[in-house]
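The values are calculated or read from the model by the stated rules, or taken from the named source; none is laboratory data. Since the model is a prediction, treat every value here as computed from it, not as a measurement. Cβ: placed from backbone, ideal geometry, glycine included. Neighbour counts: every protein chain shown.
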Amino acid sequence: MLKKTIKYTDYNGVEHTEAFYFNLSKAELTEMELSEKGGFGEMLQGIVAADEHTKLVPIIKDIIFKAYGEKSEDGKRFIKSPELSTAFSQTEAYSELFMEIATDAELSAAFVNGIIPVDVKEQVEAAATK
């Protein structure tokens, strides 16, 4: 889970610094991977290799929306819904995050690494070193 602190100015001109939470579960990652022929990761690599960066914009947006949620007070649930994602997308915090991810490859990689479960990240890293 990624706790991302975002500084933004709201539509009343008031500056805020607020923490937002993002996470993809193993089930969500598996669903994403199986939803694309050859796998989600391979599809992304193909887009980057073909220098078709315009195709990344909707994917970035989709990943943010799939990962955004709110932790329950007891920490047992990470609550996600289309309504929560839509509400977040209507803030300048979303705009700041989107621009950061869309324009900086290192920050984009850090975001993705932060939203995937630690054990999945370790498995990917182990497979990459083989």
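Report yes if GLY46 is of a type outside the set (A, V, I, L, M) and at positive phi, otherwise no. Lay out the reasoning, then the answer.
Details: of a type outside the set (A, V, I, L, M): yes; at positive phi: no.
It is false that GLY46 is of a type outside the set (A, V, I, L, M) and at positive phi.
Cβ-Cβ contacts under 6 Å between residues 6 or more apart (or on different chains), taken from a first residue in segment 103-115 that is hydroxyl-bearing (Ser, Thr, Tyr) to a second residue that is buried (at least 16 other Cβ atoms within 10 Å of the Cβ), are listed as SER108/ILE101.
Close Cβ contacts (under 7 Å, 6 or more residues apart or on different chains) running from residues in segment 25-39 that are under 15 Å from ALA67 (Cβ atoms) and without any contact (Cβ under 8 Å) to a residue 40 or more places away in the chain to residues that are of a type in the set (D, E, K, R) and surrounded by 14 or more Cβ atoms within 10 Å (Cβ to Cβ) comprise GLU28/LYS66.
Filter segment 42-83 down to residues that are of a type in the set (Gly, Ala, Ser) and under 14 Å from the mean Cα position of the chain (by Cα) and give me whichever is modelled with the lowest pLDDT. Break it down stepwise before answering.
Going residue by residue through segment 42-83, those that are of a type in the set (Gly, Ala, Ser) are 46, 49-50, 67, 69, 72, 75, 81.
Narrowing further to those that are under 14 Å from the mean Cα position of the chain (by Cα): 67, 69.
Values: ALA67: 94, GLY69: 97.
So, considering only residues that are of a type in the set (Gly, Ala, Ser) and under 14 Å from the mean Cα position of the chain (by Cα), the one modelled with the lowest pLDDT is ALA67.
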